[in-house]
Amino acid sequence: VLIPLLAMPLSVSVHDIRTLIEAFHPVIVIETVEEERVGTLLKQVSQDLHLALFEWSSSQGLARSPDSADNRWVNEYAPPGSSRVQALADTEEPLDLLKHIAEMPTKAVFWLKDFAKYFDEPKVVRRFRELAHDLSYNQSALVITGDGISLPPEVVHDAVQYNLRLPDADELFGAVKQTVRSLRGKKQIQIQLSEDEIKRLVYALSGMTLKQARQVVAFAAMEDGVLSAEDVQRILDRKAQVIHDEGLLDYFPPEASDQAIKGFASELGGFTQLKRWLARAKVGFSEEARALNLSPPKGILIVGIQGCGKSLAAKAIAQAWQMPLLKLDAGRLYDKYVGESEKNFRRAITLAESMSPTVLWIDEIEKSIGGDSGGGEDGGLSRRLFGSFLTWMQEKSQQVFVVATANDLSKIPPELLRKGRFDEIFFVDLPDAKERSVIFRIHLMKRKQTHESLNLTALVEATDGFSGAEIEQAIITALYQALFEKTPLSTNILLQEIKATVPLSVSRREDLQHLRAFAKERFVSVR
């Protein structure tokens, strides 16, 4: 199957960078490791604006790009018989580089690779500011690229940050096509992909850099000499490994769930309203919905009493929809260095989008994103993360369904509870008698016990006011006691452990009453 050539990649980025230069922005910062994409972008921009393009690195010095729009520099610096130019002499050092640029009589785009690390030298900062001021009058621009760019305060006001998004479908299509052509020229590679399978392959590559995409496709094809639909799963497995290595998200594949989760997914523990809503929401991921220009569902917030199945619901949703589940542990986002926590958040979101369609689970959101209720104990970091989260929820286009859970409403910013932030907000109360019976069966079965020899009716009555987690813990403790006494698990042993437990409905009665009163008229019950 021949892969068709799609529209020109990077068209949006070309327009954006061109506009920034035309608007007299002298310093443009692009935080990325994809120098190949930056090079393609800047070459197109320089040609559109009829500007020379120069590239600099500390190892090579300053040299004109071979594809620059201004050919005068080729004639002056290219060696005889060569289309490639040599670097200008004595331009490897940052101060020498800035001096050379200041003395150049032409307007140009200067691409400075990994230059930000030299801003710890005061003379470099001073000379850079002077140069930026001069260039702001002639539509020349300094483009700084690299990973983990941090600018000093003196330079920040002259710079504009440009977010170069990961490759889109068009660019990934181009990368696949280029890789297939290269492999066919070197080895006998069979392409066994239908048009729909090609789309799935490209979709699976989303979230990768062009280099990563080419490497993954090449490896999959060369492993058995065939590029087929089976390689889509290999690509997804590779992405899962990338997520694991990053350490910001926990990854649960759609097929990985224990018997308790499967049981919950089939019955949703009596969560009738939630189950009905989810069945309807799933349609939003279909081709028919996309044909009508309908956006996929954004997500839900599940508020309720601790230990009543909110976390299990997140797992059950991913299992029922056959989507991978990603858990965001916000504690991993926080970093002692200024700006790093926000960067970690953006990276976590990018990873989640790369796995779409997926379910992103944010557990106890009130303790992480937006947990600072205005006191400023963390310097406003939580509020900034909260603002970034709201912006992303409002603007996200990838199929990432957010399941956020919360226990303490007093710590949730009002903006999060406003209609429209989530598709729906559900309230989970303590389980009723029927649900407690199901919970007993699930956790007894999970630990290789049967309920036939037990007085399940008495156990359900005794656990009135218990959460699911408290019932589970009572079963575990009773089993330890039975093992200690070297006797089978009995109703009496379970009842003893239940009577020794003080449930949250007793120890925090006032808090639960307040939560119920608040949620009754504002949220939808899961039942």
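The accessible surface of the range 197-236, taken with every protein chain in place and a 1.4 Å probe, is 58 percent carbon and sulfur. Where both partners of a DSSP beta bridge lie in the chain, what percent of those bridges are antiparallel, to the nearest 5? Antiparallel: roughly 15 percent of the beta bridges in the chain.
Between the listed residues Val438, Val156, Ala352, the Cα displaced farthest toward the positive end of the dipole of the chain, a dipole computed from Cβ unit charges relative to the Cα centre, is found at Val438. Run a plain Debye calculation on the chain (Cα atoms as equal point scatterers, no solvent) and give log10 I(q)/I(0) at q = 0.10 Å⁻¹, rounded to two decimals, same order as the q list. Reported log10 I(q)/I(0), two decimals: -0.94.
Site pair Leu292 and Gln60 shows an inter-label distance of 5.3 nm when each label is modelled 7 Å from Cα along Cα→Cβ.
Multiplying the residue separation of Ser136 and Ala517 by 0.36 nm and subtracting their alpha-carbon distance yields 131.2 nm. Take each peptide in 428-441, 354-367, count the other Cβ atoms within 10 Å of every residue, and average; sorted highest first, the result is 354-367, 428-441.
Shown in residue order for the range 168-182 are the 3J(HN,Hα) couplings computed by the Karplus curve 6.51 cos²θ - 1.76 cosθ + 1.60 at θ = phi - 60°: 8, 4, 4, 5, 5, 4, x, 5, 5, 4, 4, 5, 4, 4, 5 Hz (x for Gly and Pro). Computed from the alpha carbon positions, the gyration tensor of the range 106-160 leads to an equivalent ellipsoid with semi-axes of 18, 13, 10 Å, biggest first. The slack in the chain from Ser525 to Glu340, taken as 0.36 nm per residue of separation less the alpha-carbon distance, amounts to 62.8 nm.
Distances between placed amide hydrogens fall under 5 Å for Val428 paired with Val303, Gly304, Ile305, all partners being 5 or more residues away or on another chain. Considering only Ala229, Phe484, His100, and ranking their Cα positions along the charge dipole of the chain that arises from unit charges at the beta-carbon of Lys, Arg, Asp and Glu, the one farthest toward the positive end is Phe484. Based on the reciprocal of the average 1/r between different C-alpha atoms, the Kirkwood radius for the range 384-527 equals 17.9 Å. Contact order for the chain, expressed relative to its length and based on alpha carbon pairs under 8 Å spaced 6+ residues apart, stands at 12 percent. Using alpha carbons only, the radius of gyration of the range 413-460 set against its Kirkwood radius gives Rg/Rh = 1.30.
The magnitude of the dipole of the chain, with charges of +1 and -1 set on the Cβ of Lys/Arg and Asp/Glu and taken from the Cα centre, is near 1200 debye. Counting only DSSP H runs of at least 4 residues, each contributing -39500 (n - 2.57), and dividing by the residue count of the chain, the helix-based mean residue ellipticity at 222 nm comes to -15000 deg cm²/dmol. The order of the peptides 447-460, 468-481 by mean Cβ neighbours within 10 Å, most packed first, is 468-481, 447-460.
The alpha-carbon of Lys310 sits under 22 angstrom from the alpha-carbons of these lysines, leaving out residues fewer than 8 places away in its chain: Lys262, Lys275, Lys282, Lys298, Lys327, Lys367, Lys411, Lys419, Lys434, Lys446, Lys520. Each residue of the range 433-446 was assigned a 3J(HN,Hα) from its phi angle through the Karplus expression (A = 6.51, B = -1.76, C = 1.60, θ = phi - 60°), giving 4, 4, 5, 5, 5, 5, 4, 4, 4, 4, 6, 5, 5, 4 Hz with x at Gly and Pro. Projecting the Cα positions of Ser286, Gln273, Ala406 onto the charge dipole of the chain (unit charges on Cβ atoms of Lys, Arg, Asp and Glu, taken about the Cα centre) puts Gln273 furthest along the positive direction.
Phi-derived couplings, Karplus 6.51 cos²θ - 1.76 cosθ + 1.60 at θ = phi - 60°, listed residue by residue for the range 485-492: 7, 6, 9, x, 5, 10, 4, 4 Hz, with x used for Gly and Pro.
The values are calculated or read from the model by the stated rules, or taken from the named source; none is laboratory data. Just so you know, these numbers come straight off a predicted model, no measurement behind them. Every residue, glycine as well, gets a Cβ built from its backbone with ideal geometry; the counts of neighbours run over all protein chains shown. The protein model used for the area step is the full one, side chains on, heavy atoms only, and it has no ligands, DNA or RNA in it. Shrake-Rupley method; radii C 1.70, N 1.55, O 1.52, S 1.80 Å.
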